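Student: Dropping the structure in here first, questions after.
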Amino acid sequence: MNPDQLQSALSEIDAQGLRRRRRVLDGPQGARVTVDGRDYLSFSSNDYLGLAHHPGIAAAARTAAERFGVGAGAAHLLTGHHRLHHDLETELAAFVGLPSALLFSTGYMASLGVIPALLDRHDEVFEDRLNHASLVDSAVLSRARLTRYPHLDLDWLDRKLGESGAKTKLIATDTVFSMDGDLAPLPDLLALAEKHDAWLYADDAHGFGVLGEQGQGALAHFSLLDLPLPVGEGGHPRLIYLATLGKAAGVAGAFVAGSEDLVEWLVNRARTYIYTTAQPPLLAAATSASLKLIAGETWRRNRLRELIAHLKAGVAGLPWPLMASDTPIQPLMVGGNMEALRLADGLRERGILTPAIRPPTVPRGEARLRISLSAAHSVEDIGQLLSALRELA
Ligand SMILES: *Cc1c(COP(=O)(O)O)cnc(C)c1O
């Protein structure tokens, strides 16, 4: 792309209904937001537990800011690794049930760091076709061969793993697919990883806080850590777990958890860990406060279940089906880009914010409204969304 080609390229994505525009949020994230000067009922955040604007979390951040300031001031391997980071890593590892955890500044950076730290051009990465962009980019950065398998097609994956002559193999998957809301069968994937001596890298960005009795995430949901282990192995040495802290946890950042050796290796080799400033320690204090709310306030997950059931019951009879999902991500399948945009516009005119998701984020012809539920919503909020959809049908 040359400088003089930018304008016509932009016109082109405009014509296809693919031009993205940012809206400006005034005030906090939540079920009700002020965007570009207007108030909306919003179904468009990943704030699944309604914690992004929790006063207790904000207070923890404030207290930490007063005691320790804002900037970490250095990378973790220099002097930026604060006591608050260190203690949070211990809490996070214990919470998800793995031996060790490592904090990163964002989920995207965590992902970019992991695969290149473990694999090189003699190796092969196997990824579900609907994986998040960060997992794809991480594989590309590692220079390993990248094989993408049809969504959840484990027979296909089994065959390709068997055919592979790669020195090291890694299966990477979203646990909850970010645009579809469905789950990857982690126990089956772990069995395939055992069978083919591969890593299993599970990105739980949308499961952490939401899945599991106390919100411990996808590993707990599938009782994965209770499964019998191959003889002679302690822990699940081939499991790499990633969760992000900017979605259900309502803060920012991410962590990778796994064996002590894995984490020690990442400290030494993950370039997105080493060559970047540590996140402000006040965020670690905020995440620690959030973790207590995630584990303790079960009502938030119960509320979500109630809202999901209410939405599903109400959408029956509308021309657009919901995709099969039991998570707070409830995509309403529309099809065409323009149709999805028109529907999102219609809702916006009625004071409801629900983003139209279009290619390249989703496959061509599968544009949708990504209805994202939060424990901050009420049953009445779902009712308001449903009656607006009925009007537009
Ligand atoms: C959001 C997301 C990420 C990136 O996490 P950030 O902390 O927002 O950078 C990674 N993986 C998946 C599946 C995501 O949805």
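The values are calculated or read from the model by the stated rules, or taken from the named source; none is laboratory data. Everything numeric here is computed off the predicted structure, so don't read it as measured data. Reconstructed Cβ throughout: ideal geometry from the backbone, glycine too, with neighbour counts over all protein chains shown.
Student: Check whether at least one residue in segment 51-62 is surrounded by 18 or more Cβ atoms within 10 Å (Cβ to Cβ) and within 16 Å of the ligand (Cβ to nearest atom), and report yes or no. Can you show your working first?
Tutor: Kept after step one, since they are surrounded by 18 or more Cβ atoms within 10 Å (Cβ to Cβ), are these residues of segment 51-62: 51-52, 54, 57, 60-61.
Among the residues that remain, those that are also within 16 Å of the ligand (Cβ to nearest atom) are: 51-52.
There is at least one residue in segment 51-62 that is surrounded by 18 or more Cβ atoms within 10 Å (Cβ to Cβ) and within 16 Å of the ligand (Cβ to nearest atom).
Student: Just one of (1) out of contact with any Leu (no Cβ under 6 Å at 6 or more places or on another chain); (2) more than 14 Å from Leu119 (Cα to Cα); (3) of a type outside the set (Gly, Ala, Ser) trips up His151, so point out which.
Tutor: (1)
Student: Residues to consider are Arg21, Arg38, Arg32; find the one that is over 30 Å from Arg303 (Cβ atoms) and either in contact (Cβ under 8 Å) with a residue 12 or more places away in the chain or not acidic (Asp, Glu) (or both).
Tutor: Result of the check over Arg21, Arg38, Arg32: Arg21.
Student: Kindly provide the set of residues from segment 312-335 that are under 25 Å from the mean Cα position of the chain (by Cα) and more than 20 Å from Asp381 (Cα to Cα), ordered by number.
Tutor: Result: Met323, Ala324, Met333, Val334, Gly335.
Student: In segment 255-325, which helices (runs of 4 or more DSSP H) lie fully inside it and hold 2 or more residues that are of a type in the set (D, E, K, R) and more than 22 Å from Gly181 (Cβ to Cβ)?
Tutor: In segment 255-325, the matching helices (runs of 4 or more DSSP H) lie at 260-269.
Student: Please work out which residue is surrounded by the most Cβ atoms within 10 Å (Cβ to Cβ), limiting yourself to segment 131-182 and to residues that are of a type in the set (Ser, Thr, Tyr) and either within 16 Å of the ligand (Cβ to nearest atom) or touching a residue at least 60 places away in the same chain (Cβ under 8 Å) (or both).
Tutor: By that ranking, first place goes to Ser138.
Student: Run Val35 past the list (1) surrounded by fewer than 20 Cβ atoms within 10 Å (Cβ to Cβ); (2) of a type in the set (Val, Ile, Thr); (3) within 30 Å of Gln214 (Cα to Cα) and report the number of the one that doesn't hold.
Tutor: (3) is the only condition that Val35 fails.
Student: Here's another thing I want to ask about it. Looking at (1) free of Cβ contacts under 8 Å to residues at least 40 places away in the same chain; (2) of a type in the set (A, V, I, L, M, F, W, C); (3) more than 16 Å from the ligand (Cβ to nearest atom), which is the one condition that is false for Leu186?
Tutor: Of the numbered conditions (1) free of Cβ contacts under 8 Å to residues at least 40 places away in the same chain; (2) of a type in the set (A, V, I, L, M, F, W, C); (3) more than 16 Å from the ligand (Cβ to nearest atom), the odd one out for Leu186 is (3).
Student: What pairs come out if I take residues in segment 67-81 that are farther than 16 Å from Ala270 by Cα and pair them with residues that are modelled with pLDDT under 95 and assigned to a loop (DSSP other than H, G, I, E, B) whose C-beta lies under 6 Å away, six or more apart or interchain?
Tutor: none
Student: I've got another one for you. Please go through segment 263-294 and give me each residue that is farther than 24 Å from Ala74 by Cβ and touching a Pro at 6+ places or on another chain (Cβ under 8 Å), ordered by number.
Tutor: Within segment 263-294, no residue meets the criteria.
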